[in-house]
Amino acid sequence: MKQSASQLMELARDRSGERRRELMHRVADMYFQFGPRADDPELDLFDEVLSQLAQEMESKVRAELANRMALARVPPKDLIRNLALDETIDVASPILQLSRALSEEDLLEVARTRSEAHLKAIAKRSNLPVSVSGVIIERAEEDTLEILLANASVNLSREAHERLVDRAIELPALQSAVVRYAKLPVDLLNEMYFQVESRMRSFILQRNSQIKPEDLDEALRQSRNRVTTRKKPVPDDFAHAQKTVKSAEIRGTISPSALVGFLRSGDVTAYLIAISRLAGVDFETAQKIYDRRELDALSIICKAAGFDRAIFITLAVLVLGRENNPMGRAREYGEIYDALPREVAKRTVRFWAGRRD
């Protein structure tokens, strides 16, 4: 039933611990019985009394109140905010996950100032504001970020997606969840190719195969807008190798077969310059593929450039080197090459052309 302001304040004057716990429950009961509207002046009174009582209660009692108030239709706003900011996660969690009364500013304050457990609770919230998701991505640990990415209602800004990829590169345990995150822009997904293990690389290629032609140019435009980092220093013989490749171009002898010749003669830098030009990738990407013996990536650039299967296998054998039993794995190389659709390879190379290291 409805209680007047004087009756509520009279109840609040009893200072004994057990009585005040009982009082808080009674006032909460009155609140739910009363069912105040948002414009009801007595809502402020309930807010004042419940907030005062909650501050005096132990965490277990505050948690009981938080669980009751989390789904309240018109909850006392100051009380809700205080409960959300509570240092004890059992108190804050139901409010952070469920209460519609929290403003974007309230959520931002909690996300910026409270614990990892608070971030986890917020990450489970439906229709999370984009700004709050961005703070979580900046502050949270791997398992919290995985919870955020599993929340189907979450939307991220472009900046947050970029930061997510940066963090996944720093945190290998996060990479699987990020690669499988359906909303990750495909250009950023391709940026992760050289950072993840083979099964996740297959997932990236699968996403590339599903890009609609009309969406590809926009994805590439976003990729070009991505801030680039400084390039690595080129090898000491880079200038000499450039002249070697330029001379071959003038003679008209730059071809896939010439790549084999460069590798067999030990002129690795000329090989890297030539394959980057023939395959349409940057020198740094070609160098990364060679230095790391990335044969699946080599198959992609060879397939995209239209090299014969035999040329790819020969290059793979030469890149891998004798110590790794290259001839014994020739069939494996061919299967990698044959299984890769050329259109998917060409799309992937287009992303790498604008990719940052």
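The values are calculated or read from the model by the stated rules, or taken from the named source; none is laboratory data. Please read all numbers here as calculations on a predicted model, not as lab measurements. Note: ideal-geometry Cβ built from the backbone for every residue, glycine included; neighbour counts use all protein chains shown. Side chains included, ligands, DNA and RNA excluded: accessible areas come from the protein's heavy atoms. Shrake-Rupley method; radii C 1.70, N 1.55, O 1.52, S 1.80 Å.
For this structure, a couple of remarks:
- For the stretch 241-267, a residue qualifies if it is free of Cβ contacts under 8 Å to residues at least 24 places away in the same chain and within 19 Å of ILE313 (Cα to Cα), and the qualifying residues are SER255, ALA258, GLY261, PHE262, SER265, GLY266.
- Within the stretch 260-287, the residues that satisfy the criterion of being buried (at least 18 other Cβ atoms within 10 Å of the Cβ) and either of a type in the set (Lys, Arg) or over 38 Å from the mean Cα position of the chain (by Cα) (or both) are PHE262, LEU263, ASP267.
- In the set (1) open to solvent by less than 60 Å² (accessible area, probe 1.4 Å); (2) closer than 21 Å to VAL27 by Cβ; (3) within 29 Å of the chain's Cα centre (by Cα), ARG62 fails one condition alone, (3).
- Search result, residues across the stretch 73-97 that are of a type in the set (A, V, I, L, M) and surrounded by 19 or more Cβ atoms within 10 Å (Cβ to Cβ): LEU79, ILE80, LEU83, ALA84, VAL91, ALA92, ILE95, LEU96
- Qualifying residues in the stretch 167-187 (those that are within 19 Å of ARG221 (Cα to Cα) and among the charged types (D, E, K, R)) - the one surrounded by the most Cβ atoms within 10 Å (Cβ to Cβ): ASP187
- Test: residue in the stretch 110-129 that is of a type in the set (Gly, Ala, Ser), under 30 Å from SER51 (Cβ atoms), assigned to a helix (DSSP H, G or I) and in contact with a Leu (Cβ under 6 Å, 6 or more places away or on another chain): yes
- Set LEU119, LEU128, LEU156, LEU145: member being crowded, with 19+ Cβ neighbours inside 10 Å and out of contact with any Lys or Arg (no Cβ under 8 Å at 6 or more places or on another chain): LEU128
- Only residues that are open to solvent by less than 20 Å² (accessible area, probe 1.4 Å) and not aliphatic (A, V, I, L, M) were counted in the stretch 290-319, giving 4.
- Odd one out for TYR181 among (1) among the hydroxyl-bearing types (Ser, Thr, Tyr); (2) at pLDDT below 95; (3) under 11 Å from the mean Cα position of the chain (by Cα): (2)
- Taken together, the criteria place ARG163 among residues that are part of a helix (DSSP H, G or I), among the basic types (Lys, Arg) and at pLDDT 95 or above.
- Boolean, LEU164 is more than 10 Å from the chain's Cα centre (by Cα) and either of a type in the set (Asp, Glu) or more than 24 Å from ALA70 (Cα to Cα) (or both): no
- Cβ pairs under 7 Å, 6+ apart, first in the stretch 192-212 and more than 20 Å from ASP166 (Cα to Cα), second open to solvent by 20 Å² or more (accessible area, probe 1.4 Å): ASN208/ARG347; SER209/PRO341; ILE211/ARG347
- SER257, sole failed condition from (1) of a type in the set (Ser, Thr, Tyr); (2) open to solvent by less than 70 Å² (accessible area, probe 1.4 Å); (3) touching a helix residue (DSSP H, G or I) at 6+ places or on another chain (Cβ under 9 Å): (2)
- Listed conditions (1) farther than 26 Å from ARG139 by Cα; (2) buried (at least 21 other Cβ atoms within 10 Å of the Cβ); (3) touching a Leu at 6+ places or on another chain (Cβ under 7 Å) are all met by PHE46, apart from (3).
- Of all residues in the stretch 216-262, those that are acidic (Asp, Glu) and at pLDDT 95 or above total 0.
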